[in-house]
1. Among the aromatic types (Phe, Trp, Tyr) and not in a helix (DSSP H, G or I): is that true of PHE25 in this structure?
2. Please go through region 1-49 and pick out each residue that is on the phi > 0 side of the Ramachandran plot, without any contact (Cβ under 8 Å) to a residue 12 or more places away in the chain and within 21 Å of the chain's Cα centre (by Cα).
3. In region 63-115, what count of residues is obtained for those that are among the hydroxyl-bearing types (Ser, Thr, Tyr) and at pLDDT 80 or above?
4. Could you say which residue among ILE51, ILE2 is of a type in the set (A, V, I, L, M) and surrounded by 11 or more Cβ atoms within 10 Å (Cβ to Cβ)?
5. Looking only at region 63-92, which residues are free of Cβ contacts under 8 Å to residues at least 24 places away in the same chain and part of a loop (DSSP other than H, G, I, E, B)?
Amino acid sequence: FINVTVDMAQGEGKVLAKKYNIHSFPALLFLDAKGKIRHMVIGYCPAAEFITEGQRAMDPGNCLQGMMKRFKKGERSLEFLADYLGVLRRANKIETKDIAKLYVDRTGLKQRFEAGERGSDFMEKFANVLEIAKVDEYLQKYTPEYLALLPVEQMATGRNWQWIKYYSALRFTDAVRK
(Lines give C-alpha, C1' and ligand atoms only; values in the text may rest on other atoms or scores of the structure.)
Protein backbone atom coordinates (compact mmCIF):
# COMPACT_ATOMS: atom_id res chain seq x y z
CA PHE A 1 0.00 0.00 0.00
CA ILE A 2 0.98 3.60 -0.53
CA ASN A 3 0.15 5.81 2.42
CA VAL A 4 -1.43 9.16 1.53
CA THR A 5 -2.73 11.73 4.01
CA VAL A 6 -5.54 13.95 2.80
CA ASP A 7 -7.40 16.69 4.66
CA MET A 8 -11.01 15.67 3.93
CA ALA A 9 -12.34 19.08 4.96
CA GLN A 10 -10.61 21.04 2.19
CA GLY A 11 -10.10 20.99 -1.57
CA GLU A 12 -9.67 17.53 -3.10
CA GLY A 13 -10.37 16.01 0.30
CA LYS A 14 -14.00 17.16 0.12
CA VAL A 15 -14.39 15.43 -3.24
CA LEU A 16 -12.87 12.21 -1.88
CA ALA A 17 -15.02 12.33 1.27
CA LYS A 18 -18.12 12.61 -0.90
CA LYS A 19 -16.96 9.89 -3.34
CA TYR A 20 -16.29 7.40 -0.54
CA ASN A 21 -19.20 8.55 1.67
CA ILE A 22 -16.95 9.50 4.61
CA HIS A 23 -18.62 11.53 7.36
CA SER A 24 -16.37 10.78 10.35
CA PHE A 25 -12.66 11.37 10.80
CA PRO A 26 -10.03 10.10 10.86
CA ALA A 27 -10.85 7.59 8.15
CA LEU A 28 -8.40 4.94 6.98
CA LEU A 29 -9.25 3.78 3.48
CA PHE A 30 -7.46 0.85 1.87
CA LEU A 31 -8.15 1.08 -1.85
CA ASP A 32 -7.40 -1.36 -4.67
CA ALA A 33 -5.66 -0.31 -7.90
CA LYS A 34 -9.01 0.78 -9.37
CA GLY A 35 -9.82 3.02 -6.41
CA LYS A 36 -12.47 0.69 -4.92
CA ILE A 37 -12.59 0.42 -1.14
CA ARG A 38 -11.01 -2.84 -0.08
CA HIS A 39 -11.06 -2.13 3.65
CA MET A 40 -11.95 0.80 5.88
CA VAL A 41 -11.52 1.88 9.48
CA ILE A 42 -13.26 4.95 10.85
CA GLY A 43 -11.90 6.64 13.97
CA TYR A 44 -8.59 6.71 15.79
CA CYS A 45 -6.52 3.57 15.48
CA PRO A 46 -3.51 2.90 17.78
CA ALA A 47 -0.33 1.71 16.02
CA ALA A 48 -0.76 -2.00 16.82
CA GLU A 49 -4.38 -1.95 15.64
CA PHE A 50 -3.35 -0.01 12.51
CA ILE A 51 -0.90 -2.80 11.62
CA THR A 52 -3.56 -5.45 12.25
CA GLU A 53 -6.05 -3.58 10.05
CA GLY A 54 -3.41 -3.21 7.30
CA GLN A 55 -2.84 -6.97 7.41
CA ARG A 56 -6.59 -7.57 7.25
CA ALA A 57 -6.84 -5.22 4.26
CA MET A 58 -4.34 -7.40 2.38
CA ASP A 59 -6.31 -10.59 3.12
CA PRO A 60 -8.83 -11.02 0.26
CA GLY A 61 -11.28 -13.07 2.34
CA ASN A 62 -11.13 -11.06 5.56
CA CYS A 63 -10.98 -7.44 4.42
CA LEU A 64 -14.26 -5.48 4.41
CA GLN A 65 -14.83 -6.09 0.70
CA GLY A 66 -14.07 -9.82 1.04
CA MET A 67 -16.31 -10.26 4.06
CA MET A 68 -19.17 -8.48 2.31
CA LYS A 69 -18.81 -10.92 -0.59
CA ARG A 70 -18.73 -13.91 1.78
CA PHE A 71 -21.90 -12.71 3.49
CA LYS A 72 -23.61 -12.10 0.16
CA LYS A 73 -22.75 -15.68 -0.87
CA GLY A 74 -24.52 -16.96 2.25
CA GLU A 75 -21.81 -17.51 4.86
CA ARG A 76 -23.47 -17.39 8.28
CA SER A 77 -21.26 -19.26 10.75
CA LEU A 78 -21.26 -17.67 14.22
CA GLU A 79 -17.49 -17.14 14.08
CA PHE A 80 -17.81 -15.36 10.73
CA LEU A 81 -20.74 -13.22 11.91
CA ALA A 82 -18.84 -12.13 15.04
CA ASP A 83 -15.77 -11.19 12.97
CA TYR A 84 -17.90 -9.49 10.32
CA LEU A 85 -19.68 -7.45 13.01
CA GLY A 86 -16.34 -6.15 14.23
CA VAL A 87 -15.21 -5.20 10.71
CA LEU A 88 -18.51 -3.44 9.97
CA ARG A 89 -18.40 -1.60 13.29
CA ARG A 90 -14.85 -0.36 12.67
CA ALA A 91 -15.91 0.76 9.17
CA ASN A 92 -18.98 2.50 10.66
CA LYS A 93 -21.27 0.68 8.23
CA ILE A 94 -25.05 0.83 8.54
CA GLU A 95 -25.36 -2.93 7.93
CA THR A 96 -24.01 -3.54 11.45
CA LYS A 97 -27.49 -3.40 12.98
CA ASP A 98 -28.92 -6.10 10.69
CA ILE A 99 -25.93 -8.41 11.12
CA ALA A 100 -26.07 -7.99 14.91
CA LYS A 101 -29.76 -8.92 14.95
CA LEU A 102 -28.91 -12.02 12.92
CA TYR A 103 -26.09 -12.85 15.35
CA VAL A 104 -28.36 -12.37 18.39
CA ASP A 105 -30.97 -14.65 16.81
CA ARG A 106 -28.44 -17.31 15.77
CA THR A 107 -26.70 -17.43 19.16
CA GLY A 108 -29.90 -17.46 21.16
CA LEU A 109 -28.62 -14.57 23.31
CA LYS A 110 -32.05 -12.97 23.51
CA GLN A 111 -33.74 -16.25 24.50
CA ARG A 112 -31.03 -17.02 27.05
CA PHE A 113 -31.46 -13.56 28.59
CA GLU A 114 -35.24 -13.94 28.68
CA ALA A 115 -34.80 -17.37 30.30
CA GLY A 116 -32.90 -15.71 33.15
CA GLU A 117 -29.24 -16.31 32.27
CA ARG A 118 -27.10 -13.63 33.95
CA GLY A 119 -23.49 -14.90 34.28
CA SER A 120 -20.83 -12.20 33.83
CA ASP A 121 -19.40 -13.76 30.63
CA PHE A 122 -22.88 -14.02 29.14
CA MET A 123 -23.81 -10.45 30.12
CA GLU A 124 -20.56 -9.12 28.67
CA LYS A 125 -21.22 -10.85 25.34
CA PHE A 126 -24.85 -9.68 25.32
CA ALA A 127 -23.82 -6.10 26.13
CA ASN A 128 -21.12 -6.08 23.43
CA VAL A 129 -23.52 -7.23 20.72
CA LEU A 130 -26.19 -4.75 21.73
CA GLU A 131 -23.72 -1.91 21.96
CA ILE A 132 -22.20 -2.68 18.57
CA ALA A 133 -25.60 -2.89 16.94
CA LYS A 134 -27.51 -0.21 18.78
CA VAL A 135 -30.45 -2.59 18.41
CA ASP A 136 -33.08 -0.19 19.72
CA GLU A 137 -35.82 -2.63 20.69
CA TYR A 138 -33.35 -4.82 22.62
CA LEU A 139 -31.76 -1.83 24.31
CA GLN A 140 -35.07 -0.41 25.44
CA LYS A 141 -36.22 -3.76 26.81
CA TYR A 142 -33.00 -5.02 28.43
CA THR A 143 -30.89 -2.00 29.41
CA PRO A 144 -32.62 -1.23 32.74
CA GLU A 145 -32.03 -4.79 33.96
CA TYR A 146 -28.46 -4.85 32.60
CA LEU A 147 -27.64 -1.56 34.34
CA ALA A 148 -29.10 -2.84 37.60
CA LEU A 149 -26.58 -5.71 37.48
CA LEU A 150 -23.54 -3.43 37.05
CA PRO A 151 -21.41 -2.52 40.06
CA VAL A 152 -21.64 1.24 40.69
CA GLU A 153 -17.95 1.80 39.86
CA GLN A 154 -18.54 0.41 36.33
CA MET A 155 -21.47 2.70 35.57
CA ALA A 156 -19.42 5.62 34.24
CA THR A 157 -16.65 3.76 32.48
CA GLY A 158 -15.98 3.31 28.76
CA ARG A 159 -18.51 1.15 26.97
CA ASN A 160 -21.07 1.21 29.77
CA TRP A 161 -21.10 5.00 29.76
CA GLN A 162 -21.62 5.07 25.97
CA TRP A 163 -24.43 2.56 26.31
CA ILE A 164 -26.10 4.57 29.09
CA LYS A 165 -25.89 7.76 27.02
CA TYR A 166 -27.36 6.03 23.97
CA TYR A 167 -30.15 4.41 25.99
CA SER A 168 -30.97 7.75 27.66
CA ALA A 169 -31.18 9.43 24.25
CA LEU A 170 -33.58 6.71 23.06
CA ARG A 171 -35.78 7.14 26.12
CA PHE A 172 -35.78 10.95 25.70
CA THR A 173 -36.67 10.62 21.99
CA ASP A 174 -39.56 8.29 22.87
CA ALA A 175 -40.85 10.74 25.51
CA VAL A 176 -40.72 13.63 23.01
CA ARG A 177 -42.59 11.57 20.38
CA LYS A 178 -45.45 10.97 22.87
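1. Values: among the aromatic types (Phe, Trp, Tyr): yes; not in a helix (DSSP H, G or I): yes.
Judged against the criteria, PHE25 is a match.
2. Hit for region 1-49 is ASN21, nothing else.
3. 2
4. Values: ILE2 fails: surrounded by 11 or more Cβ atoms within 10 Å (Cβ to Cβ).
Just one listed residue meets the conditions, ILE51.
5. LYS73, GLY74, GLU75, SER77
The values are calculated or read from the model by the stated rules, or taken from the named source; none is laboratory data. Computed from a predicted structure; not experimentally measured. Every residue, glycine among them, receives a Cβ derived from its backbone with ideal geometry; neighbour counts consider all protein chains shown.
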